[in-house]
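This report concerns only the one structure given below.
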Amino acid sequence: MVQAVRGMRDVLPAEAKRWHLIESTVHSILRQFTYEEIHLPLLEFTELFARGVGEATDIVEKEMYTLADRDGDSLSLRPEGTASCVRALQENGLLYNQTQKVFYSGPMFRYEKPQKGRYRQFYQVGAEAFGFVGPDIDAELISLGANFWRQLGLEKQVRLEINTLGSRQARQMYKKALVDYLTPKAGQLDEDSQRRLHTNPMRILDSKNEQTQAILAQAPDLSMFVDADSQAHFDELLELLQALDIHYVRKPNLVRGLDYYTDTVFEWVTDDLGAQGTICAGGRYNTLVEQLGGRPTPAAGFAMGLDRVLLLHEVVNQTAMNSAVDVYVCYSAPQFAAHAQKLGQWLREQDLGADTAALNVRVNMGGGNFKKQLKRADASHATWAILMGPDEVAAEQLTLKNLSDGQQVTLSKADVVGHLAGTGSN
Ligand code: ATP
Ligand code: MG
């Protein structure tokens, strides 16, 4: 058998239920905050990411899946969504003279070393807001995350880490000071950091290497370089978070891997997933739109890693998610096959009241006697079985069997629905 490509994983039915719960919860919260859904292509011109994410980032340097289109264009599978999102809104004239709040979800691709919580195809839900200068939108984006974790029952597992990088100029000055400090000590840095000294020096700050961290202890302090405007923006944001009862931890060393961040950066972090502890990350990127050829447009956003949120949800809720079959329809003889499928259709269309989802109905396939069909019904973990034989069909009735206690009643079609609703099958 041909196997899956390394780092590309399958989401099997049991996991897909959890996946759906998480994604639909997150989407409905985003809609409640009036963010609008957009869909973006998986393939873009490589140049978009080189310019948007940054030539010197790990992503662009060594993690992209790049291919030549048949006409020779260089295309890449998207490694993240923000650059595409800016491209799409800009290209469709949706950034000029207006504000936008949008979200997207889907797979992203990075050639990384696969491990638990780190895959080569992974799934993000991203939200981006354009045209808002003030820290109120930073606070709203963070508040969205707080809402996700609360509704998913994960709020005890995660904490918010936050920092400010200052303006682009402040960042450049700091970068220079950092390189000046580290260059004479380059020989003592870990290998990755030595390389980053020339490519992406600020990323050295979040090196996990102990010796590198010891050297960094004496390094120039990023917060000393933050300009007054950025500091005011950040102070206001922290006040808003306090007022919103959102707890945070200030992390002077928190920088993000992508070049485009300015001012606010934040991460939602858990201790329950080992090294892959960041489940959602974001910040402000006021220079990105311009960097991609648009007019200067303030922007902020985040991306949540659904694969990791899923793993965390599994840690907290270990029970497998319930089977989706409510009713299993059995019928006694082949001539009732169409009857059974029609009944299934009718049941799926019934309104069981505002608090109850529509019924999930599985009609027996592949024949068999009642005994065999009821075995299948049990194996499907259905709550109810409906038995349909010649007597039921003649009398326009149905026999309803509760599969947990074995109790059986024969009722009219209309009464069956009342019975299912009344006993709260969902
Ligand atoms: P990390 O430091 O874990 O590599 P990152 O800084 O590269 O993360 P971002 O580009 O900010 O991550 O992406 C946002 C989120 O997407 C991350 O916080 C994480 O939850 C998720 N994510 C990123 N890369 C992967 C991956 N290879 N596999 C699974 N999830 C990922
Ligand atoms: Mg990464």
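Tell me, what is the FRET efficiency for Ser28 and Ala395 to the nearest 0.05, using R0 = 41 angstrom and their Cβ-Cβ distance as r? The value I calculate is 0.40. Along the axis of the charge dipole computed for the chain (Cβ charges of +1 for Lys and Arg, -1 for Asp and Glu, origin at the Cα centre), the listed residues Val179, Ser223, Ala395 are led at the positive end by Ala395. Residues whose amide H comes within less than 5 Å of that of Leu403, counting only those at least five positions distant or on another chain, are Trp384, Ala385 (H built at 1.01 Å from N in the peptide plane). Average accessible surface for the chain: 49 Å² per residue, computed with a 1.4 Å probe over protein heavy atoms with every protein chain in place. Across the range 299-396, C-alpha contacts under 8 Å between residues 6 or more apart give a mean separation that, scaled by the residue count, equals a relative contact order of 38 percent. Measuring nothing but protein heavy atoms, the accessible surface of the chain at 1.4 Å probe radius is 50 percent carbon and sulfur. When a/c is below 1.5 the answer is rounded, else prolate if a/b is larger than b/c, else oblate, so apply that to the chain with a ≥ b ≥ c taken from the square roots of the Cα gyration tensor eigenvalues. It is prolate, given that a/c is not under 1.5 and a/b is the larger ratio. You can think of it this way: the chain between Val315 and Val409 has 29.8 nm of extra reach, that is 0.36 nm per residue less the Cα-Cα gap.
Centre-to-centre separation between the Cα atoms of the range 308-354 and those of the range 362-426: 13 Å. Along the axis of the charge dipole computed for the range 14-90 (Cβ charges of +1 for Lys and Arg, -1 for Asp and Glu, origin at the Cα centre), the listed residues Met64, Ile29, Phe49 are led at the positive end by Ile29. Rounded to the nearest 5, the antiparallel percentage of DSSP beta bridges internal to the range 1-113 is 75%.
The Cα atoms of the range 149-260 give a gyration tensor whose axes a ≥ b ≥ c have a/c of 1.5 or more with a/b no greater than b/c, which makes the shape oblate.
Quick one: grab the alpha carbon gyration tensor of the range 61-120, order the square roots of its eigenvalues as a ≥ b ≥ c, and give me rounded if a/c is under 1.5, else prolate or oblate depending on whether a/b is larger than b/c.
Values: a/c = 3.47, a/b = 1.46, b/c = 2.38.
Oblate, because a/c is 1.5 or more while a/b does not exceed b/c.
Backbone phi angles across the range 158-170, fed through the Karplus curve with coefficients 6.51, -1.76 and 1.60 (θ = phi - 60°), yield HN-Hα couplings of 10, 10, 9, 10, 9, 7, 10, 9, x, 6, 4, 5, 4 Hz in residue order; Gly and Pro are listed as x. Under a 5 Å amide H cut-off, with hydrogens placed 1.01 Å from N, Gln350 pairs with Leu359 among residues at least 5 apart or on other chains. Each peptide in 128-134, 350-356 receives the mean, over its residues, of other Cβ atoms within 10 Å, and ordering these scores from highest gives 128-134, 350-356. Phi-derived couplings, Karplus 6.51 cos²θ - 1.76 cosθ + 1.60 at θ = phi - 60°, listed residue by residue for the range 341-355: 5, 5, 4, x, 4, 4, 4, 5, 8, 6, 8, 9, x, 4, 8 Hz, with x used for Gly and Pro.
The values are calculated or read from the model by the stated rules, or taken from the named source; none is laboratory data. In this text, all values refer to a predicted model and were calculated from it rather than measured experimentally. Neighbour counts are summed over all protein chains in view; Cβ atoms, including those assigned to glycine, are modelled from backbone coordinates with ideal geometry. These area figures cover heavy atoms from the full protein model, side chains too; ligands, DNA and RNA do not enter into them. Shrake-Rupley method; radii C 1.70, N 1.55, O 1.52, S 1.80 Å.
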